[in-house]
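Inspection log for the structure reproduced underneath, given as structure tokens.
FYI, it's all coordinate maths here, none of it is from the lab. Computed from a predicted model, the values in this text were never measured in an experiment. Cβ placement follows ideal geometry from the backbone for every residue including glycine, while neighbour counts extend to all protein chains displayed.
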Amino acid sequence: MNSLAITDSLLLIVTFLIAYGAKHPPSIRIAAGLFAAAAFLGVLRFTGILPLPTMHSFFSGLGATSAYPLLTATFLFPSSVLANQWRFSSIFAVIAGALGLVASALEVGIWANAVALTSVAALFLRSILFRDLLVLIGSMSLLAAVVLFALNVSFASLLKPGDFLHLFMAVGLAILGVKSRARESQAA
Amino acid sequence: MPEFVLSPNILVVPILISLVIVELIISKAMGRSVYNFQDSVTSINIGIMSQFVNATGAVISAFMYAVVEMKYGTFEWDMANPLTWIFALLLYDFLYYWVHRTGHEVNMFWASHITHHSSDEFNLSTALRQASTGFYFKWIFYMPLAVLGIPVQVFVVVGLIDLLYQVWVHTRLVGRLGWIEYVLVTPSNHRVHHGKNDYCIDKNYGGIFCVWDRMFGTYADERADEPIVYGLKKKLNSWNPVWSNLHYWVSMFKKAGQQANWGDKLMCFFAPPAWSPDGKSAPTPLAEIPATDDVFVEKTPLPVKVSGLAMTVLSAAVLVFYLGTKQQLSGPVQILCAASAVCAFALLGFFWTQGNKKELER
């Protein structure tokens, strides 16, 4: 078993728990579900149990172009129908995913990275503006995930670029998950 | 002069129009009146116009499908194996259910699909009344097939099978079909889909199989004690094929423009069609809709009949010629041809609508 399988398993556990958690708003659950699907396919791929590399790459792309903006929109507009109704969260996810597919078909390779980076940067700025420590740490972690992966950073032979992506995403999403759960509890 | 190439979609045009004529003859023989001349001519012309537009628009769907299938297609499928086709058809029909449901329940998609429901009649010509603007969103829903690696040829053929199956269910001449009603979409359960009675709203979205409706709670049986009233709650009152495609887009944008905040503006596009900013989101009950909002003449004058038939026959002939030669035309020329057809239909439809109005008869 390689390091990617282990770090993707960690990401899978975190995202699955968020997607499964009834106390999170629908938008967070859909975003986490998309990440979880990609992570699950990653685990299958990197453990060698059932390698489906193209499907893994498809869901990873969907995560970047659809789940990241959905996550950001949820924190920017927490009381909107987009954050709180399955219907509007899923419409947003489908449209954002479709735009990602069009970009992919037109060979606009930068789209997925640009959307992910813009989304987490917006989340980061929002956390500074509102002095929201948890979101600040969560978004910094996601920012690190996106940037380190884009820069193809690795650590000796121990951690590959994908590992940084999985680890920082897992940490960032776990923190944002705690935050959204706390907010929902307060609202209730 | 470009060479004419006969393809299956060209043969479909005269076959479908012939089926309409056969149903008309049978209905007359049965002593039933299920056709209205202007309505049927408009339905056929809307269908012809949609073929002009979709002959190019469908290329976008096929292109997107082919690219995604090539990039992300996961499995290899044996096209000689019947199971491949059966699986693809089942999955396509399942996805069609969601395309169709979204087409009814999300306003900006309803703006396209409303064209198909704008007839006050229900007969085989209604099946031809297809939107010219739906190609922009439908492809998105079929991407799971592409990711699974179903070849584009299989996708196109099962899509055609699904579409052609749905033609025969647009009839009032066939009653209930016993146990088949539990599995397949039939004329009876599709009549419910086209009804504007309260119990018919947002029901029976299936394409070939109605099991999806039963699974997701959108199934409704036809009621013997409540005759179905067909068409839109707010009548279209136009025989113009172009306006039938655009009227809802216009009213949707107008409504959005009238909203004070961005949230409500966006809701005009993504909320259900019955949404309004004051919080009411249920469709208007049928009982509250005025019964006499029809502005058209009931009996068709001879000049209207002759001009309507001439318009239809001529446009069908031009469409057949276009479909047979379009492969030799460049993309921009194809778009120009489709745009010219739309302009011609807009003009013809305008004059024909004016000629049909009651006030002009007086």
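The ellipsoid equivalent to the alpha-carbon distribution of the protein assembly as shown has semi-axes of 47, 27, 22 angstrom, derived from the gyration tensor eigenvalues as √(5λ) and listed largest first. Our helix-only sum for chain B, with -39,500 (n - 2.57) per DSSP H run of n ≥ 4 divided by its residues, gives a mean residue ellipticity at 222 nm of -19500 deg cm²/dmol. Relative to the globular-protein estimate of 2.2 N^0.38 Å, the Cα radius of gyration of segment B:83-160 stands at 1.20. Only aspartates and glutamates eight or more places from A:Lys160 in sequence, or on another chain, were considered; those with a Cα closer than 16 Å are A:Asp8.
Considering only A:Leu71, A:Leu44, A:Ile30, and ranking their Cα positions along the charge dipole of the protein assembly as shown that arises from unit charges at the beta-carbon of Lys, Arg, Asp and Glu, the one farthest toward the positive end is A:Leu71. Within the same chain, aspartates and glutamates fewer than 8 places from B:Lys326 are excluded, and of the rest, those with a Cα less than 17 Å from its Cα are B:Glu3.
List the residue ranges in chain B for DSSP H helices whose C-alpha atoms run 20 angstrom or more along the long axis and whose Kyte-Doolittle average is -0.5 or above. Correct list, ordered by number: B:8-29, B:37-72, B:82-105, B:152-168, B:241-258, B:302-325, B:331-356. Counting every other Cβ atom within 10 Å of each residue's Cβ, B:Tyr92, B:Tyr142, B:Tyr219 order from fewest to most as B:Tyr219, B:Tyr142, B:Tyr92.
Helices meeting the span-like rule in chain A (full DSSP H runs, Cα extent of at least 27 Å along the helix axis, mean Kyte-Doolittle score of -1.0 or higher): A:26-47, A:86-105, A:110-129, A:161-187. Treating each Cα of segment A:35-112 as an identical point scatterer and summing with the Debye formula, the log10 of I(q)/I(0) at q = 0.17 Å⁻¹ comes to -0.71. One equal scatterer on each Cα of segment A:1-147, no solvent, Debye formula: the resulting log10 I(q)/I(0) at q = 0.09, 0.20 Å⁻¹ is -0.27, -1.32. Arranged from fewest to most other beta-carbon atoms within 10 Å of their beta carbon, B:Thr171, B:Thr74 become B:Thr74, B:Thr171. Legend: residue pairs B:Lys138/B:Lys233; A:Lys23/A:Lys179; B:Lys233/B:Lys254; B:Lys138/B:Lys255; B:Lys138/B:Lys203; A:Lys23/B:Lys203, Cα-Cα distance threshold 21 Å; pairs beyond threshold, B:Lys138/B:Lys233; B:Lys138/B:Lys255; A:Lys23/B:Lys203. Overall dimensions of chain B, expressed as equivalent-ellipsoid semi-axes from the Cα gyration tensor (√(5λ), whole Å, largest first), are 30, 26, 23. When the helices of chain A are scored as -39500 (n - 2.57) per DSSP H run of n ≥ 4 and the total is divided over every residue, the value at 222 nm lands at -26000 deg cm²/dmol.
Give me the distance between the Cα centres of segment B:1-46 and segment A:9-58, rounded to whole Å. With segment B:1-46 and segment A:9-58 each reduced to a Cα centre, they are spaced 50 Å.
Cα convex hull, segment A:1-49: 48 Å³ per residue, rounded to a whole number. The tail of the calculated P(r) for segment B:28-121 beyond 21 Å holds 58 percent of all Cα-Cα pairs. Straight-line cross-link reach from B:Lys305 at under 17 Å between alpha-carbon atoms covers these lysines, not counting any fewer than eight positions away in the same chain: B:Lys357, B:Lys358.
Going by neighbour counts of Cβ atoms within 10 Å, the residues B:Lys196, B:Lys305, B:Lys233, B:Lys254 line up, fewest first, as B:Lys254, B:Lys305, B:Lys233, B:Lys196.
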